Ligand SMILES: Cc1cc2nc3c(=O)[nH]c(=O)nc-3n(C[C@H](O)[C@H](O)[C@H](O)COP(=O)(O)OP(=O)(O)OC[C@H]3O[C@@H](n4cnc5c(N)ncnc54)[C@H](O)[C@@H]3O)c2cc1C
Ligand SMILES: Cc1cc2nc3c(=O)[nH]c(=O)nc-3n(C[C@H](O)[C@H](O)[C@H](O)COP(=O)(O)O)c2cc1C
């Protein structure tokens, strides 16, 4: 069953049409029972869909527990990584669904400043969201929200830098404050100290979009949407070597097989299935052995991978895992903000080696250097960027080592010591073990 | 209409006797008006010859069936094949070492670009070297750009793109000057000496003025000689011979970012990454459409059309081919080779098996070819050793203009020698040969295809000749548009380096094929004609 992508809800910026399609009910219920919001979210089992899968009610409760006023809600629509294209869909096709969820969250945590933080490269999403925000201005529901909050809510659209790193929550906070999107060390988490040091709730666009429906139709209904105990639905950004790529909203807990072979129409041209990069693409690869794994947070965790944003980049026979890995690592390297030397230097180092291996110019020792770096880099940055790069590298090395060996050729595989760079770099990196990552 | 090689007709000996007995040949009365002649006898008009394209930027466009099959096929290379492939970098990649490619490479290099010139065989193995008749340019005092423009449009049945034709004819005089500066020789008019004088001008078929400039009857060879030297001496050009392009590369914004080449010597893929790519792969004669022999060189297998189309470029007039009236029909081992139009331009008649002339030899090529096919189809052709054709009356020409064969129809005389006949004593047996693709990749006046990063020049393009090319306009085109594309490529290439190059366009392409129920089993480009017995899949295995 489709909730977020239900055609009837894809009304664009037209608030009247949204209300006619059943919109507003979630906010009504929230206003009627403010104290019941967070328990409802908890009962629904909603988790963050921006990548980390953190329990949404805990974040909301943390911000709600902070003293007000002056709190903020940031709806994170920075979405910039390869293969993810869900938030831009929601913002451009059904923005009121997102706004209503953000207003529910604002009410729950007691925040009057609500920001739709959108990637400026998604021009259509920005334009539609702006128009949608303007339409709330005179709406009676907003006046009732003002009454409950004790001040008029300030709902607005902020376009970020367009940089991938700007999607990390502390970077998003910095960006909303008008600064360069540098992530900072956590703790303190934004829930304690965010925009202007005020408590700030940062949630993904899709997470918030679900919240309104949970309020409107109840946690039971929401839990019933999923499969095998996983709650709700999930937007899967399906791409790569499948017959029908695109955005598929499916029950949480749908198997990988059903996504790829059922909804996706199978691997393109009837080829064999090789693997899936999950969004990201910063997680451990799923392979043919994982086809029957339910796609939900816990099941994927148990297999050593992660659901991430729900991006699924399918690789069929004929497509090179090595080349894809090189492409993604290059993406991470280019998007490292440069604050943490191990991340900046490490991702670049990996990217350089991958590039030359891919170009048939690999050297003896490159494989070992890559393995060393994959072991050393995790945890060495203040945000999760370097971890993602290292994870996808390590996973492809483990599962598709043959591809690396083929590209290196007979000479490149000898375990020579000529290329000390990788190892030497590793030694320096050892000192930089900074723990970070989203809550 | 029967197959072109059908052998029925008047036996050679009897036809020779008729020709001897009736010299000079009387004209045959029963002429058909051109439209009806074309409708009934031109190979492109045969029912079933054309099919609408079903996928790609020109879906719906009628296309020669043999070409459509190639255009709508799967790629030869996979993403996996290029992992570990050596990577070469350039500002501009030029694909194709014929005339257009050389001119584009020279122009781009002189504008400061680092150029990679990759070609299938050796530099100059091309249709360009085979051009005999000459090159058009409105240089004469009685001529004008306007007349050249109008003649070209008319000859192309008004299907050409006027902006392209305007660019072509106005570049004409400058192109000739440029070629002279590059060291190309041209025939001079009677009375000129080497240090000065006027270029010899003749009237090409379908023209209203004497506009065809030539170097004997091997104009293309002379042009290629000069271009080849210039390319080999140009410091900014790296030449890759025996490196056919198998697929174009894209970057993460969908721009063309170079090509996957196949190094024939080692049987392995090589990636050429470039800011701008000029496709100059020439024609398609070796597809032998409609079963015709061809005048084209071995490498003319429509590769460029296949590559560009797969990447999203639009095509035009791919249902229009030129069958040159006078290909050799006998001996069979030389079938399809061209007897220059210069013979007819100089006055040689076409004579059927009854010793009659049956067409105005200087009419447009499509009309003359259709007239020959009609004679053969209606049993008035000449049959010899299973081949059918008509006579090209070279002895009659020699009688009318003594010495002309030895003096200015050198190639023709050489061909006759190879065929084992004396052109001054015995007429050639000729029949139409697949000669030129009138259409091709749609371009703008600077050579841009619709795909960012991809330019095209020369025979691979469409739009300049409408539905019928005038003789001499192809050589002009390859220089004019080679220069335009080379300059535009050099200017564009330096804007930005391509990132994340790959074959991402293939997934969309395959989805489109599947959606149309088209088979994925056929792979293209062809690279070599089927009788070349070259198997790309096997050859790739050698790399290991
Ligand atoms: C016999 C004959 C006589 C002619 N006479 C005249 C004439 O008198 N006047 C006139 O104006 N025109 C004439 N033409 C037409 C004219 O010669 C051609 O149209 C013109 O030369 C084409 O030039 P080009 O550079 O576009 O292609 P070409 O000269 O054919 O060059 C194409 C090059 O690309 C290479 N190539 C092809 N595929 C690949 C690939 N996949 N990868 C890498 N390289 C590739 C080929 O090997 C070749 O070297 C004649 C043509 C023929 C065949
Ligand atoms: C490098 C990096 C980039 C991120 N980009 C985004 C993003 O574009 N959108 C997003 O919602 N979360 C992104 N995140 C996750 C956020 O830090 C944060 O966890 C998320 O916005 C919280 O929302 P959720 O709990 O609803 O998932 C990113 C994290 C990292 C480390």
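If a/c stays under 1.5 just call it rounded; otherwise compare a/b with b/c (prolate if a/b is bigger, oblate if not). Do that for chain B, with a ≥ b ≥ c from the square roots of the Cα gyration tensor eigenvalues. Note, shape of chain B comes out prolate. For the protein assembly as shown, give the share of DSSP beta bridges that are antiparallel, in percent and rounded to the nearest 5; count only bridges with both residues there. Antiparallel bridges: around 55 percent, rounded to the nearest 5. Taking the longest Cα principal axis of chain A as reference, the axis of helix A:56-65 is set at about 60 degrees.
Given the options A:102, A:40, A:32, which has the most mean-square fluctuation in a GNM of chain A, springs set between C-alpha atoms less than 10 angstrom apart? Comparing A:102, A:40, A:32 in the GNM, the peak value goes to A:32.
What the Cβ-Cβ distance of residue B:158 and residue B:65 gives, at R0 = 22 Å and to the nearest 0.05, is a FRET efficiency of 0.30. Put simply, the convex hull of the Cα atoms in the range A:233-316 casts, on average, a shadow of 4.3 nm². The share of C-alpha pairs in the protein assembly as shown whose separation exceeds 49 Å stands at 38 percent. Remark on chain A: hydrodynamic radius 22.3 angstrom, per the Kirkwood mean of 1/r across alpha carbon pairs. Helical content of chain B, expressed as a calculated mean residue ellipticity at 222 nm, amounts to -9500 deg cm²/dmol (DSSP H runs of 4 or more residues, -39,500 (n - 2.57) each, divided by residue number, nearest 500). Within chain A, DSSP assigns beta bridges of which about 40% are antiparallel (rounded to the nearest 5).
Computed from the C-beta positions of residue A:192 and residue A:42 and an R0 of 22 Å, the FRET efficiency is 0.60 to the nearest 0.05. Taken over the range B:328-459, the ratio of Cα radius of gyration to 2.2 N^0.38 Å equals 1.26. Evaluated at q = 0.15, 0.16, 0.22, 0.24 Å⁻¹, a Debye calculation over the C-alpha positions of the range B:93-206 (equal weights, vacuum) places log10 I(q)/I(0) at -0.87, -0.97, -1.31, -1.34. Please work out the Cα center distance from the range A:237-286 to the range B:16-30, rounded to the nearest Å. Cα centroid of the range A:237-286 versus Cα centroid of the range B:16-30: 75 Å apart. Compute the label zone of residue B:122 within the range B:220-238: residues whose backbone N is under 19 Å from the point 7 Å along Cα-to-Cβ. Inside the label zone: B:220-234, B:238. Stretching residue B:180 away from residue B:252 to a fully extended chain increases their span by 21.6 nm, per 0.36 nm per residue minus the current alpha-carbon distance. When the scattering of the range B:46-154 is computed by the Debye formula from its Cα atoms alone, each counted once and equally, what is log10 I(q)/I(0) at q = 0.13 Å⁻¹? Debye output, listed in q order: -0.96.
With the gyration tensor restricted to C-alpha atoms of the range A:263-302, the semi-axes of the equivalent ellipsoid amount to 20, 12, 10 Å, longest first.
How far, in degrees from 0 to 90, does helix B:145-155 lean away from the longest principal axis of the Cα atoms of chain B, to the nearest 10? Roughly 80 degrees, rounded to the nearest 10. Helical content of chain A, expressed as a calculated mean residue ellipticity at 222 nm, amounts to -13500 deg cm²/dmol (DSSP H runs of 4 or more residues, -39,500 (n - 2.57) each, divided by residue number, nearest 500). The value obtained for the range A:7-224, namely the Cα convex hull volume divided by the number of residues, is 110 Å³ per residue.
Between residue A:131 and residue A:154, the distance separating the two model label sites (each 7 Å from Cα on the Cα→Cβ line) works out to 2.6 nm.
Please grab the % of Cα pairs in the range A:169-233 that end up more than 20 Å from each other.
Cα-Cα pairs in the range A:169-233 separated by more than 20 Å: 46 percent.
Mean separation of Cα pairs under 8 Å and 6 or more residues apart, divided by the residue count, gives chain B a relative contact order of 27 percent. If you average the C-alpha positions of the range B:263-283 and of the range A:1-47 separately, how far apart do those two centres end up, in angstrom? Each part's Cα centre sits 55 Å from the other's.
Structural descriptor for the range A:233-316: relative contact order 37 percent, calculated from alpha carbon pairs under 8 angstrom and at least 6 residues apart. Based on C-alpha pairs under 8 angstrom that are at least 6 apart in sequence, the range A:166-231 has a relative contact order of 18 percent.
Helix A:205-217 axis versus longest C-alpha principal axis of chain A: approximately 40°, rounded to the nearest ten.
Between the range B:477-519 and the range A:290-356, what is the C-alpha centre distance in whole Å? Using only Cα atoms to place each centre, the spacing works out to 28 Å.
Since every read-out is calculated from the coordinates, none of them should be taken as a lab result. Not measured: the values here are computed from a predicted model. As a convention, Cβ positions derive from the backbone with ideal geometry for all residues, glycine included, and neighbour counts pool all protein chains shown.
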